[in-house]
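Here is the structure we will look at.
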Amino acid sequence: MNVKKYLVKCLHRLQKGPGYTYKELLVWYCDNTNTHGPKRIIREGPKKQVMWFVLTLLFASLVFWQWSVFIQTYLSWEVSVTLSIGFKTMDFPAVTICNASPFRYSKVKHLLKDLDDLMEAALKTILTLESGPGHVNYTEDLNMTIWNHTPLVVIDNRDPYHPAIVDLFAMGRNNSGANSSSPQGSCNAQKCRVALRLCGQNGTVCTYWNFTSATQAMKEWYILQSTSILSQVPLEERIQMGYPADQMILACLFGAEPCNHRNFTAVFHPDYGNCYVFNWGMREKALPSSNPGTEFGLKLILDIDQQDYVHYLTSTAGVRLMLHEQKAYPFLKDGGIYAMPGTETSIGVLVDKLERIGEPYSHCTINGSDVQIPNLYSEFNTSYSIQACLRSCFQEHMIENCGCGHYLYPLPKGEKYCNNQDFPDWAYCYSDLRMSVHQRETCISGCKESCNDTQYKMTISMADWPSEASEDWIFHVLSYERDKTTNLTIDRKGIVKLNIYFQEFNYRTFAESATNNMVWLLSNLGGQFGFWMGGSVLCIIEFGEIIIDCIWITIIKLVAWAKGLKQRRAQARYDGPPPTVAELVEAHTNFGFQSDTENVTDPHVPKNYPEEQGPPIPGTPPPNYDSLRLQPLDVIESDNEGDAI
């Protein structure tokens, strides 16, 4: 019952309103607030009132300006990075090794024969550029279908005002097109550049991919054409064309435990063919490293079989390797390093851990579930990475714009890889998309970094291996173990030795934290308010109370204005003055009563009833009260001011 009385009392208090005008409310606030300044405005003389009014307005403006600065700083979501160093036994990183050549030439020679013949003819033509046109012809008995689709051209800049673009093979033949004439005289490398011509829309739109060296042009042309050929080969056949693990991995030792090629997980990489991952953690638990140092790391002896390289596709000899986290896909082009043949490469590892705090401070994701771009690398059951997101985004744009997927990236279900037969314009489309700034910005804005990441910093040292004194017996033993023969099948050009180990068990953690948190914001806001105005949180509450009172005064005034407007509209219905209460009572009880006002039709005064209808029974006259107030059944005490409720 007490709660009910209190609630009813509060309701009546709200209905009454603050009971002030705006001026009275402002004077009351200035006289009772705990904020310095407003009291002096109403208590001092006229001159000091002006001075204190200006000072209060000035310092209030400074407070609001400082508040806006601090709030903007807080909403900028700045972070600070804390570096901490820890010491513990750590899991050995996953190690991915690949041969620099993705395929064995003996296995793909039949697929690349026409391409190799065109490459040899193009090289001979380039070497004889200074001989002029009509001197040699290397294109006899060649399959020109591949060449005509994406030819190499020579851009002749000997005449800077009229540059000529000529097909490369036209330099060795005595013919020319209508729109391009063969340059006369010698054409050296400074004045003539080799470029790729990429055409789309049935050859109506063409672009030229320029290079500073003919070596780069020839390499890119061969990669582009071989991509079209190899993309049509099934994955199982491509795996068979690569280097098998039992022939590549000759010796393996992890700490004091021997290992072999069965301890590696095979994965096909489009750039490097068959790759093998040690300690990937897909099917088994990650292996820990018992101690730092070379004796407790991974030791490998690898044979890259350099004699069987695809000579136009691969110009680098060695092993491509990468250290990464368990269950992470190895992007060797981004984070891999090369190990030279004929050397022993020692790699000391230090661990850096990155911890980002996420939205709104960092644009990162925990597992990629909040990234809108589908992860095409999820088929490998690997964790999310920004490299996987960027490549998936590019492949998505490639399929959307070109109608096919690029050979170097995973393919969504139901789509096909690009090739010259099914998609004649794919090379032009790929080049245009590759150079598109909008495409890169779209993918970068759509992808997020991983909130937790581990990076392996490597210290690399190399030495010749084996030495001249020991190479004979080492090569004999390795040849016998692999090929069961006493003949030497391994030489220095194809052998690589790796030592991978932790330098120390100290690891560094780079952790992000909010530079400006809520405590920082509140302390600065309160400090500025207290310094310039001498205020506190209670002063802000007082100001809020005055705002509420002003709102109530406004509501009461609006209600009064609405009632007055309604009354004025009611009075407008009378031509003369409205009837008094006594006249209305008399008219209600005496049906023969006529008002003193002549010729006035009053809707409130009843008219004479027809003869056939008798007068109604008189009713009870309304009470002659100035106001009505409903008294609740429960007796409610009056408030502190003595007003009855």
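Key figures
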item: Flag if ASP271 is in contact with a Ser or Thr (Cβ under 7 Å, 6 or more places away or on another chain), of a type in the set (Asp, Glu) and outside the structural domain of MET218 (by TED's automatic domain parsing); result: no
item: Enumeration of residues in the stretch 371-384 that are under 14 Å from ILE444 (Cβ atoms) and either surrounded by 17 or more Cβ atoms within 10 Å (Cβ to Cβ) or of a type in the set (Gly, Ala, Ser) (or both); result: VAL371, ILE373
item: Test: residue in the stretch 441-459 that is farther than 27 Å from GLY336 by Cβ and in contact with an Asp or Glu (Cβ under 7 Å, 6 or more places away or on another chain); result: no
item: Filtered residues of the stretch 272-295 (kept if under 23 Å from LEU408 (Cα atoms) and of a type in the set (Ser, Thr, Tyr)); result: TYR272, TYR276
item: Complete set of residues in the stretch 394-424 that are among the small types (Gly, Ala, Ser) and free of Cβ contacts under 8 Å to residues at least 12 places away in the same chain; result: GLY414
item: Close pairs (6 angstrom Cβ cut-off, 6 or more residues apart or separate chains): closer than 21 Å to GLY255 by Cα in the stretch 292-320, among the hydroxyl-bearing types (Ser, Thr, Tyr) and at pLDDT below 90 anywhere; result: PHE296/SER289; PHE296/SER290
item: Sole exception among (1) outside the structural domain of VAL310 (by TED's automatic domain parsing); (2) of a type in the set (D, E, K, R); (3) over 30 Å from PHE169 (Cβ atoms); (4) surrounded by fewer than 17 Cβ atoms within 10 Å (Cβ to Cβ) for GLU220, by number; result: (3)
item: Residue selected from the stretch 265-277 under the condition surrounded by fewer than 22 Cβ atoms within 10 Å (Cβ to Cβ) and hydrophobic (A, V, I, L, M, F, W, C), by the criterion nearest to SER226 (Cα to Cα); result: PHE268
item: Within the stretch 444-481, considering residues that are under 21 Å from ALA388 (Cα atoms) and of a type in the set (Gly, Ala, Ser), the one surrounded by the most Cβ atoms within 10 Å (Cβ to Cβ); result: SER450
item: Criterion (in contact with a strand residue (DSSP E or B) (Cβ under 8 Å, 6 or more places away or on another chain), modelled with pLDDT under 90 and within 30 Å of GLY281 (Cβ to Cβ)) met by exactly one of LEU83, LEU129; result: LEU83
item: Whichever residue in the stretch 475-515 is assigned to a strand (DSSP E or B) and acidic (Asp, Glu) and, among such residues, is farthest from GLY297 (Cα to Cα); result: GLU512
item: Filter result for SER436 (closer than 30 Å to PRO151 by Cα and surrounded by 13 or more Cβ atoms within 10 Å (Cβ to Cβ)); result: yes
item: Test: residue in the stretch 355-366 that is more than 20 Å from PHE92 (Cα to Cα), buried (at least 19 other Cβ atoms within 10 Å of the Cβ) and in contact with a Pro (Cβ under 7 Å, 6 or more places away or on another chain); result: no
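The values are calculated or read from the model by the stated rules, or taken from the named source; none is laboratory data. Predicted model only: the values in this text are computed from it and were never measured. Every residue, glycine as well, gets a Cβ built from its backbone with ideal geometry; the counts of neighbours run over all protein chains shown.
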